[in-house]
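These notes are about the structure you will find just below.
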Amino acid sequence: MAADNHQQETGLYTYDSFGEKRKPSDTRFLWWCAGAHQQLLKEYPSEHSKYSGLGGVILATFVLAALSAGYAMYTVFGDPLIAIAFALVWGLIIFNFDRFLVSTMRKYGVSKRKQLWMAIPRIALALLIGLTIARPLEMKIFEKEIETRVVENIHKKIQLNDSLLKIENAALSQTANSERDRLTQRKRAIEDTLHNLQQAYVAEADGTGGSGQRGIEDLTRLKMNAYQEALRQFRPELGLLASAIGQQDSILNDAMAGLEAKRKAYEKTALANVGFLERNKALSDLSQEESSVFWSSLLISLLIILIETGPILSKLIMPVGPYDIALAREELTNMAASENDMRRDKESSYEKKKVFFEKQKEMSEQLVHKLSSLQEKHINEELEKWERGEWHPKDHRASMDEVMRKIKQQYNLNDKDLL
């Protein structure tokens, strides 16, 4: 409405006059995103599209920041509700920050050099925000390649963990195997001794060994008794050896079972705890090994950083328009009015204090004059009494200094107030 009135008053047309009439809500929201003074901007139709575009760029940074934060939180917590909530919060933070940076930049009355120096810290902050936004989006774009690389990295970690577990289990296994071998050798030696004694009396009985004569019962019985005596002596030891060997086998089996349990537990933990950091490492590994991934990642980062710094750069390169001049005039006018109000308040306070001190000075002069007259009267009376011989020391009145001292003490005054 303001633009139409302005057109009717001036008789001039603008570019917006030949376009489709847009609803005010379509542009006012973008103006608000750009941090513009909407009531003032309405009066300058030629500036509408400029600030609508600037608001669209800031709105795009909100969308990118929300998507980036949402994906990052989803990879960490795996809960879509938490991811959506954090995405909205982070997007609003970035949106308000960009809106603040753009709305505080001024064009009119500021030199290009000063504008550039003022924009440097804003651009640095925008770069930092752009980097934080870019990384999660890169990880989403290369998600399939990252998942493959994550599996390879986890497999390498499992292999390294297996080697460490084997080293940890080697000392126990070596001790158990050495003890088992010693026990086995002792058992085998006893069994060989018993076997030889048994074969000796059997060979003696059938005439295939010993004396070579079959049927010598005494000699056969003697060798059989020797075998049975040895068997009786070695049977307890053989039982103990078998039990000890079984115990060592149990130790080895428990060690192998514990090793396998630790390996499976580590593998399960490694596969279950694949988060943002692991995927970020996978993307870094891919960038180092594949030049195509490196350049693609770099270009995506630069694009997102450019979008994030877009509002600042757009505001920096925008030419000075009538809206900027009007905004500067309004701000400077308000500042001047505020300064004038402050100056008037200061002058009014000064005048009040001046009147107060003048009144105080006048009252002090009257007080001093009355005190002087009173003191002079008392002195004359005492002199007359002294001449008539009627003066007594009890009739002595306080001096002027004593009177002034008492007045100052009573009314909490100093010499400056009296003066």
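Listing for the model above:
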read-out	value
Flag for Leu306 being at pLDDT below 80 and in the same structural domain as Ala124 (by TED's automatic domain parsing)	no
Residue in segment 144-163 that is outside any helix (DSSP H, G or I), more than 20 Å from Lys281 (Cβ to Cβ) and not aliphatic (A, V, I, L, M) present	no
Test: Leu271 is part of a helix (DSSP H, G or I), surrounded by fewer than 13 Cβ atoms within 10 Å (Cβ to Cβ), under 37 Å from the mean Cα position of the chain (by Cα) and among the hydrophobic types (A, V, I, L, M, F, W, C)	yes
Among (1) in the same structural domain as Met118 (by TED's automatic domain parsing); (2) more than 21 Å from Leu54 (Cα to Cα) - the single one Ser338 does not satisfy	(1)
Helices (runs of 4 or more DSSP H) contained in segment 25-120 and holding at least 1 residues among the acidic types (Asp, Glu) and touching a residue at least 24 places away in the same chain (Cβ under 8 Å)	80-103
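Residue-by-condition table, conditions (1) within 30 Å of Asn273 (Cα to Cα); (2) under 34 Å from the mean Cα position of the chain (by Cα); (3) not assigned by TED's automatic domain parsing to the domain that holds Leu316:
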residue	(1), (2), (3)
Lys50	no, no, no
Leu54	no, yes, no
Val63	yes, yes, no
Met73	yes, yes, no
Val76	yes, yes, no
Asp79	yes, yes, no
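The values are calculated or read from the model by the stated rules, or taken from the named source; none is laboratory data. Since we're looking at a predicted model, the values are computed, not measured. Virtual Cβ from ideal backbone geometry, glycine too; neighbours counted across all protein chains shown.
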